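Accompanying notes for the structure given below.
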Amino acid sequence: MSNEILLLSGPNLDLLGTRNPEIYGTTTLAEHVERFTKLASDAGFSVRHVQSNFEGDLIEAVHGARESAVAIVINAGALTHSSWALADALDTFNGIKVEVHLSNPAAREPFRHLSTLAGSVSGSIAGFGATSYELALDAVRRLTSPSS
């Protein structure tokens with residue numbers, strides 16, 4: 001097994017930086033990925049990033065990660081609240097799985113309070129903006145370290 005982290009970005013995350021900056025901030029997805037990749041590299045991990053506005057692409061990426069990745073860090077966007085199929089795919093991955101949200105879904109509209117992914121991931125990090133990705137990486141690092 002490699003030290004690869006699959007970083008998954010769901011629908012509409014390609015619009016980060018311009019879509020609802022008062023909620024999601026002004027950092028673009030490319031900037032989030034660049035920072036995550038640099039920090040991951042410093043920690044000894046490689047990163048493969050997949051962004052898609054299509055649920056099936058994300059499911060296929062999870063399937064592919066089963067043989068190549070040590071962890072999945074996923075910001076599924078709105079699919080978090082509706083995709084049982086993505087949850088089923090995550091159930092097939094035996095490594096560490098961290099759900100990430102820039103905002104805090106529990107403090108937002110009621111439909112965002114449900115995470116269909118929560119039972120399929122190792123843990124969730126939400127509400128810390130760009131720092132959420134750093135916290136997810138720290139969780140992966142700690143959980144993959146033999147001394148953890």
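Structure above, values below:
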read-out	value
Residues (buried (at least 17 other Cβ atoms within 10 Å of the Cβ) and either at pLDDT 95 or above or farther than 17 Å from Leu117 by Cβ (or both)) located in the stretch 66-86	Ala69, Val70, Ala71, Ile72, Val73, Ile74, Asn75, Leu86
Failed item, numbered, when His101 is tested on (1) under 20 Å from Arg19 (Cα atoms); (2) without any contact (Cβ under 8 Å) to a residue 12 or more places away in the chain	(2)
Thr92 being more than 21 Å from Gly119 (Cβ to Cβ) and not acidic (Asp, Glu)	no
Which listed residue is more than 17 Å from Val140 (Cα to Cα) and either touching a His at 6+ places or on another chain (Cβ under 6 Å) or in contact (Cβ under 8 Å) with a residue 12 or more places away in the chain (or both), from Leu79, Leu39, Leu7	Leu79
First in the stretch 129-143 and in contact (Cβ under 8 Å) with a residue 60 or more places away in the chain, second anywhere and surrounded by fewer than 16 Cβ atoms within 10 Å (Cβ to Cβ), Cβ under 6 Å, 6 or more apart	Arg141/Ala43
Set Leu58, Leu90: member being more than 22 Å from Ala30 (Cα to Cα), buried (at least 23 other Cβ atoms within 10 Å of the Cβ) and modelled with pLDDT of 95 or more	Leu90
So Gly129, is it crowded, with 18+ Cβ neighbours inside 10 Å and at positive phi	no
Residue within the stretch 110-117 that is over 22 Å from His32 (Cα atoms), surrounded by 18 or more Cβ atoms within 10 Å (Cβ to Cβ) and modelled with pLDDT of 95 or more present	no
Arg19 being of a type in the set (Lys, Arg) and at pLDDT 95 or above	no
Among (1) closer than 17 Å to Arg141 by Cβ; (2) more than 14 Å from the chain's Cα centre (by Cα); (3) not charged (D, E, K, R); (4) not in a loop (DSSP other than H, G, I, E, B) - the single one Ile72 does not satisfy	(2)
Residue satisfying condition, being more than 13 Å from Ser120 (Cα to Cα) and surrounded by fewer than 14 Cβ atoms within 10 Å (Cβ to Cβ), within set His49, His63, His101, His32	His63
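Here's the yes/no breakdown for (1) in contact with a helix residue (DSSP H, G or I) (Cβ under 7 Å, 6 or more places away or on another chain); (2) not polar (S, T, N, Q):
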position	(1), (2)
Ser9	yes, no
Leu15	no, yes
His32	yes, yes
Ala40	yes, yes
Gly77	yes, yes
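The values are calculated or read from the model by the stated rules, or taken from the named source; none is laboratory data. Everything numeric in this text was worked out from a predicted model, so none of it was measured. Ideal geometry is used to build each Cβ from the backbone, glycine not excepted, and the neighbour counts take in all protein chains shown.
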